[in-house]
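Below you'll find the structure, written out as structure tokens, and then a few comments.
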Amino acid sequence: MREALTLGAGSLAALVASLALAEQAKHPITHADVWLMKRIGAPAVSPDGRLAVVSVTEPAYDRKDQLAQLWLVPTDGKGLQTGVSWCSDGSTGTR
């Protein structure tokens, strides 16, 4: 399971890095580039080991403009979950 989590986290990191690169023109890295880079929190793996939830923060110089999201990532590294909703009792998530 640890190997699967590494693949999932690695896929997420690669996705975030590629999105950041695609949005930027080539230039030397600046303080603003580093400061405004998306930040990924520590994953929390579901009890069955199939999914991990991670926080993704898009920082901003003004705190009110900061954005934070939770992403569900399959631990097998096959992509992000979309269309997620939680059961009314909060016990599980569904697609």
For segment 24-83, which whole-number percentage of the solvent-accessible area (1.4 Å probe, protein heavy atoms only) is attributable to carbon and sulfur atoms? 60
List the residues whose amide H sits under 5 Å from the amide H of Leu51, counting only those 5 or more places along or on another chain, with H placed 1.01 Å from N in the peptide plane. Ser46, Thr75
Straight-line reach from Lys38: which lysines have Cα under 19 Å away, leaving out those fewer than 8 places along the same chain? Lys26, Lys64
Karplus 3J(HN,Hα) series, Hz, for segment 37-42 with 6.51 cos²θ - 1.76 cosθ + 1.60 (x for Gly, Pro): 5, 4, 10, 10, x, 5
For peptides 27-34, 51-58, sequence by mean Cβ density within 10 Å, most packed first: 51-58, 27-34
HN-Hα J couplings of segment 51-62 from phi, Karplus 6.51/-1.76/1.60, θ = phi - 60°, integer Hz, Gly and Pro as x? 10, 10, 10, 10, 8, 10, 10, 9, x, 8, 5, 9
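The values are calculated or read from the model by the stated rules, or taken from the named source; none is laboratory data. None of the values given here were measured: they were computed from a predicted structure. Heads up, the Cβs are rebuilt from the backbone with ideal geometry, glycines too, and the neighbour counts pull from every protein chain shown. The area values use the complete protein model at the heavy-atom level, side chains included, leaving out ligands, DNA and RNA. Shrake-Rupley method; radii C 1.70, N 1.55, O 1.52, S 1.80 Å.
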